[in-house]
Structures are given as C-alpha cells and as structure tokens.
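The values are calculated or read from the model by the stated rules, or taken from the named source; none is laboratory data. Computed from a predicted structure; not experimentally measured. Here Cβ is always computed from backbone atoms with ideal geometry, including for glycine, and neighbour counts include all displayed protein chains.
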Amino acid sequence: MHTPIHDRRKHKRYECNFPVRVITETEEISAVSVDVSMGGIRILGKKPLLLPIGHEVTLRFMLPGVNQEIEVRACVRMHLGYFYGLQFVRSETSDAFIACITQLDVKNEHKNTVP
C-alpha cells in the first residue's frame with residue numbers, strides 16, 4: 001500500500017498566491033505560487049517554463065505580510081503542464097525566509113484555533 005504524498009512530506013505546505021520570478025541563465029520568467037513550505041514551492045508558470053528536472057534556478061518573491069524580497073536557489077523536482085515543483089537548496093535558504101515561513105505557520109495555527 002502506498003502512503004499518500006502529502007503524508008510523506010517533511011514540511012507543512014501553505015496554500016498561497018503571490019508573484020514569483022524564476023531566473024535562469026538566459027531569462028526571467030513570471031509565475032505565481034500555488035503552495036510553499038520550508039522545503040520548496042509549487043508554482044504555476046504564465047507560459048511554459050521548459051525547465052528540465054534537476055535544473056537549478058533562482059527564485060525571487062515576497063511572502064504575504066513581509067516587506068522583504070526573498071531570493072533562494074531551487075531545483076526543479078516535478079513539472080506537469082504549467083505547474084512546477086521546486087525544492088529549495090538548503091544552503092541558500094536565508095534566515096529571513098525561515099522567519100517568514102515560521103510566521104505563516106503561526107498565523108495558520110492561530111486561524112485554526114479561533115472559534
């Protein structure tokens with residue numbers, strides 16, 4: 001019996017919808033986030049991104065409620081149509097990014113406990 005993928009994830013995912021810039025060696029592509037976690041992000045490209053599995057890119061975005069642009073390196077792990085799953089490169093994950101995701105977790109827990 002297979003374990004559902006959401007049960008195998010290391011990090012909790014948060015649904016979101018904010019602009020993401022995907023920067024490759026040759027171009028900058030606009031996308032929008034679908035969900036984000038400490039380990040990665042799923043995005044929807046506004047056009048086909050044509051990024052192969054294993055390819056590393058730079059991502060730039062601002063998390064909701066945070067007035068600081070986040071820049072991280074990420075590796076393409078999955079793509080289906082215009083959707084891409086990217087895993088953050090751990091050595092590139094900044095303290096600011098970790099603080100932002102922690103803030104999302106706190107807000108989400110508070111929202112779920114308020115009657």
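Give the residue that is surrounded by the fewest Cβ atoms within 10 Å (Cβ to Cβ), with candidates limited to residues of region 53-67 that are at pLDDT below 90 and out of contact with any Cys (no Cβ under 8 Å at 6 or more places or on another chain). My answer is N67.
Note on region 25-52: residues that are loosely packed, with under 12 Cβ neighbours inside 10 Å and among the aliphatic types (A, V, I, L, M) total 1.
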